[in-house]
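The values are calculated or read from the model by the stated rules, or taken from the named source; none is laboratory data. Note that the structure is a prediction, hence the values are computed from the model and not measured. Glycine also receives a Cβ, built like all others from the backbone with ideal geometry; neighbour counts cover every protein chain displayed.
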Amino acid sequence: MSFDDAYGALTDHDDDARWAYGTGFADPLAGVPTAIPDGVDRADLAAYCLMLGDDALIMSHRLQQWVTRAPELEDELAVANIGLDLLGQARLLLTRAGEAEGSGRDEDTLAYLRDPHEFRNVLLAERSDDDFAHLVARLLVFATWRLALLDRLAASGDPVLAAIGAKGVKEVTYHREYAAQWVVRLGDGTPVSHERVQAAVDAVYPLVGELFETHEVERRLAGRGIAVEPASLRAEFDAVMAEVVAAATLRLRAATAVEPGRGRDGMHTAALGEILGEMQELARAIPDGAW
Amino acid sequence: MSDEQIRHEWPLFEVFVRAKRGLNHVHVGSLRAADHEMALHHARDLYTRRNEGVSIWVVRSADVVSSGPEDKDAFFAPSGDKVYRHPTYYSIPDSVPHI
C-alpha cells in the first residue's frame with residue numbers, strides 16, 4: 001500500500017469489466033466443456049435438466065404475470081427481474097436437456113412445443129397467486145428450496161450443470177432475500193397483513209412435500225455425482241423457513257397429510273394448461289416465426 | 001386514513017451508485033420505499049439491473065440539505081474571478097521536478 005495512490009483501495013483493479021455503465025456482460029457458460037460426461041445416461045440427464053428447467057420456466061411465467069399488477073412500481077421491477085433470472089436458468093437447462101437427449105430439440109422447441117403432460121416442473125411452480133402475500137410466500141418457499149439445490153448442483157460432475165448451479169446461486173440468493181424481507185414485513189406488519197400472509201403460507205405449504213420427493217432419475221444421477229437428491233435439502237430448507245417465519249411472527253401449521261404432487265411425472269393441475277396456453281399461443285400459431 | 005393516503009406515505013430516497021472503476025458514488029435518481037432496507041433492494045432492482053454498479057448508497061431525500069437558487073450569487077459568484085486559485089495559474093520553475 002502506497003500513499004502515492006490513496007484512492008487505490010477504492011478501485012478493483014482485478015476486474016475491468018464494468019469500467020463503463022452497462023458493459024461487461026458475460027456468457028455464463030464461457031469455457032465450460034459441453035460434452036456429456038462418460039458413463040452418464042443421456043436420457044436421465046435430459047429428464048433431470050427438464051425438471052430443473054421447467055421449474056424455472058413455469059415459475060418465471062407466473063412472476064411475469066405480476067407485471068402491471070404489482071402493488072408498487074419498484075416491486076413490479078423486482079419481480080420482473082427475478083422472473084428474468086429464472087428464465088435465463090430455464091434457457092440454459094432446456095438447452096442442456098436438448099443436447100443430452102440428442103434429438104435436435106432446442107430450448108424453444110422444448111418450451112413452446114411440449115404439451116402439459118410432458119412438463120416436469122413441481123406443482124409449486126405452476127400455482128397461481130391469489131394476492132401479493134401468496135406471491136412472496138410461494139417465492140420464499142421456491143427460492144429457499146432452489147437455492148439449497150443449486151448450491152449443491154455447483155459441485156455436479158456435469159460441468160454444465162455445475163456452471164448453471166454456480167451462476168444460479170448468486171441469483172436465487174437475492175430472490176430468497178427479497179421474498180423473505182416481504183414475508184417478514186407483512187407478517188410483522190398490521191393485523192390485516194399478518195392474517196393475509198399467514199393464509200398464504202398455509203395455502204402454499206401443502207405443496208412443500210413434493211419438493212423433497214426423490215425421483216428415480218434423480219436417485220440414479222445422484223449416485224453418479226451428477227444430480228442432487230432433494231431429500232438431502234430438507235434440513236436446510238426447514239431451518240431457513242423456521243428462521244423467517246419466526247421473524248415474521250407467523251406459524252407453520254402442522255403439515256396436513258397431503259399426497260405429494262407428481263409434477264415430475266407429468267401429472268399437473270389445470271393451472272399449467274392455462275400457463276402454456278398463454279405462453280405457447282404465438283409460437284404454435286406461427287411455427288418457425290421469428291421476432 | 002384512506003388507502004390512497006397510506007400508499008403515498010412511502011418516503012423518497014436518493015440513490016447513488018458506484019461503477020466498478022469510478023471513484024465516486026454518483027447520483028442516479030430517486031425512488032420510494034418504506035425504509036432504508038427496502039430502498040436498497042429497490043435501488044438494486046431499479047438502477048443496477050444493467051450491470052451498472054458494485055456499490056449503492058441510499059439517503060432519505062428529506063435528509064439532504066441543499067443550497068437554493070437564492071444562494072447562488074453569494075455562494076458561487078465570488079469564485080468566478082479568482083483565477084489564482086487554479087494551480088495552472090502558476091508557472092512551475094524547471095528546478096521543481098515532482099509536480
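Among A:Glu210, A:Glu218, A:Glu243, A:Glu236, which is the only one that is crowded, with 18+ Cβ neighbours inside 10 Å, closer than 28 Å to A:Gln181 by Cα and either without any contact (Cβ under 8 Å) to a residue 12 or more places away in the chain or of a type in the set (D, E, K, R) (or both)?
On the way: A:Glu218 fails: closer than 28 Å to A:Gln181 by Cα; A:Glu243 fails: crowded, with 18+ Cβ neighbours inside 10 Å; A:Glu236 fails: crowded, with 18+ Cβ neighbours inside 10 Å.
Residue meeting the stated conditions: A:Glu210.
Can you tell me which residue among A:Arg138, A:Arg146, A:Arg176 is modelled with pLDDT of 95 or more and touching a Leu at 6+ places or on another chain (Cβ under 6 Å)?
A:Arg176
Just the residues that are modelled with pLDDT of 95 or more and away from chain B (no Cβ under 13 Å), please, taken from the range A:68-98.
Across the range A:68-98, the qualifying residues are A:Leu86, A:Leu87, A:Gln89, A:Ala90, A:Arg91, A:Leu92, A:Leu93, A:Leu94, A:Thr95, A:Arg96, A:Ala97, A:Gly98.
Are any of the residues in the range A:91-103 of a type outside the set (Gly, Ala, Ser), within 17 Å of A:Ile58 (Cβ to Cβ) and not in a helix (DSSP H, G or I)?
no
Could you run through the range A:221-233 and say how many residues are under 19 Å from the mean Cα position of the chain (by Cα), among the small types (Gly, Ala, Ser) and surrounded by fewer than 20 Cβ atoms within 10 Å (Cβ to Cβ)?
Looking only at the range A:221-233, we keep the residues that are under 19 Å from the mean Cα position of the chain (by Cα), and these are A:226-233.
Within this subset, residues satisfying the condition of being among the small types (Gly, Ala, Ser) are A:227, A:231-232.
Going one step further and asking which of them are surrounded by fewer than 20 Cβ atoms within 10 Å (Cβ to Cβ), we end up with A:231-232.
Residues in the range A:221-233 being under 19 Å from the mean Cα position of the chain (by Cα), among the small types (Gly, Ala, Ser) and surrounded by fewer than 20 Cβ atoms within 10 Å (Cβ to Cβ): 2 in total.
Considering only the range B:15-50, state which residues are more than 9 Å from every other protein chain (Cβ to nearest Cβ), touching a Ser or Thr at 6+ places or on another chain (Cβ under 8 Å) and either surrounded by fewer than 19 Cβ atoms within 10 Å (Cβ to Cβ) or under 16 Å from A:Ala80 (Cβ atoms) (or both).
B:His25, B:Ser30
Being in a helix (DSSP H, G or I), modelled with pLDDT under 90 and of a type in the set (D, E, K, R) narrows it down to one of B:Lys72, B:Lys20, so name that one.
Numbers: B:Lys20 fails: in a helix (DSSP H, G or I).
That would be B:Lys72, the only listed residue that is in a helix (DSSP H, G or I), modelled with pLDDT under 90 and of a type in the set (D, E, K, R).
Is one or more of the residues making up the range A:158-175 buried (at least 19 other Cβ atoms within 10 Å of the Cβ), under 30 Å from A:Val40 (Cβ atoms), within 14 Å of chain B (Cβ to nearest Cβ) and not polar (S, T, N, Q)?
Yes, the conditions are met somewhere in the range A:158-175.
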